[in-house]
Each structure stands twice: as structure tokens, then as C-alpha cells.
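Here the structure is laid out as C-alpha cells; the discussion comes afterwards.
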Amino acid sequence: YVFYGPRGTGKTTIARILAKTLNCHHPKAGAPCGKCPSCVEITESKSLDVIEIDAASNTQVDKVRSVIIEQVDFAPSRDKHKIYILDEVHMLSTGAFNALLKTVEEPPEHVVFIMATTENQKVPPTILSRSQCFRFRPLTEACVTERLTEIAAKEKIKAAPEALKLIARA
């Protein structure tokens, strides 16, 4: 998967939620339970089967080889999938992308790649064409205001509409 869009739109957060959903031991209506060992460990960034890599700090071919390519064939330690979340994937070097390509083309059955980027035009077409791409967009102020109004009503919190608009704008 490639999640792309501006900063702050939830790409990495959704990647973690997807990882929980894929590895949850007791999903409820397709959503992670949030209580099983897998969900708890992913929330705490302690899961051995969900590897989160900041591509901005690990741009070299050697890093991609040692962290992903050399370990991708190993089965997950406990969960159904071994999930690699590559944040800011556009920062990888050309050599690192080339090294990653073969693995992205034919990943082992148990492996899922989730790549997040603010600059999808910098991700090589060879990677994009082998991925499902999802564009993230910021919510409108009106949408956020509407949702805050719903939540305030549900929680029985009195809030002036102007105050909710200010919070949404912030």
C-alpha cells in the first residue's frame, strides 16, 4: 500500500490501525479489538511483527537490505502478518528503491508493506505501479466542526458553535 498526502492527514496513524486490523487476534466487525497482545504491542510500538522504519533516517541501500530484504523471508514471530511501515518513503535513495523493488513485486505471503509519503511523485513509478495507492486529504473546517458538534452533543458538553468553529480551524 502507498498512503500519500499532506502532512498531518493521518497516513502513519492509519498505517498502524491497518497493521492492528491485519494482526488482531479477536477482531470485532472488521475492527481491531485493541485488547489482544498484538493490538497492545502495536499501540506501544513494541510489536516484533510490525516494523516501522523512518525512511528519512534510513535512506541507504545497506539499511534497506539489513532491515527489510535480509529479514523479509522470516515468518512473523506470533501474528498472521509481518508488516513493514515505511514512513517518508520518498526519502529513500534510488539504490534503496531498486533493492526494495523485487521484494515489493513478489513479497512472501505473510508480508505487507505500507509506505507513507508526503511526496508520492518522488516514489518511482515501478513501486507505485505495484502498490495500491490511497490519497489522504485534510478535512474541511466545516467537516471538523460538524463532527465536534456531534461529539459534544453525545458527551452532553455545552459548547458554543463559534467555539467549535475556532477549535476546528486550529
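Within segment 90-97, none of the residues are within 23 Å of Thr9 (Cα to Cα), in contact (Cβ under 8 Å) with a residue 60 or more places away in the chain and within 16 Å of the chain's Cα centre (by Cα).
Listed here are the helices (runs of 4 or more DSSP H) enclosed by segment 79-170 that have at least 3 residues being surrounded by fewer than 12 Cβ atoms within 10 Å (Cβ to Cβ) and of a type outside the set (Gly, Ala, Ser): 94-105, 141-154, 161-169. Among the residues making up segment 1-34, a single one is assigned to a loop (DSSP other than H, G, I, E, B), among the hydroxyl-bearing types (Ser, Thr, Tyr) and more than 17 Å from Gln121 (Cα to Cα): Thr9. Search segment 17-45 for residues being among the basic types (Lys, Arg) and at pLDDT 95 or above, and hand back the single one that is nearest to the chain's Cα centre (by Cα). Ranking the candidates gives Lys20 first. Whenever a residue of segment 26-42 is closer than 18 Å to Ser77 by Cβ and small (Gly, Ala, Ser), its partners that are in a loop (DSSP other than H, G, I, E, B) and open to solvent by 70 Å² or more (accessible area, probe 1.4 Å), lying with C-beta atoms within less than 7 angstrom and at least six residues away or across chains, give the pairs Ser38/His25. Consider segment 52-78 and keep the residues that are hydrophobic (A, V, I, L, M, F, W, C) and assigned to a loop (DSSP other than H, G, I, E, B). The one that is surrounded by the most Cβ atoms within 10 Å (Cβ to Cβ) is Ala55.
The values are calculated or read from the model by the stated rules, or taken from the named source; none is laboratory data. Just so you know, these numbers come straight off a predicted model, no measurement behind them. Every residue, glycine as well, gets a Cβ built from its backbone with ideal geometry; the counts of neighbours run over all protein chains shown. Accessible surface areas use protein heavy atoms only, side chains included; no ligands, DNA or RNA. Shrake-Rupley method; radii C 1.70, N 1.55, O 1.52, S 1.80 Å.
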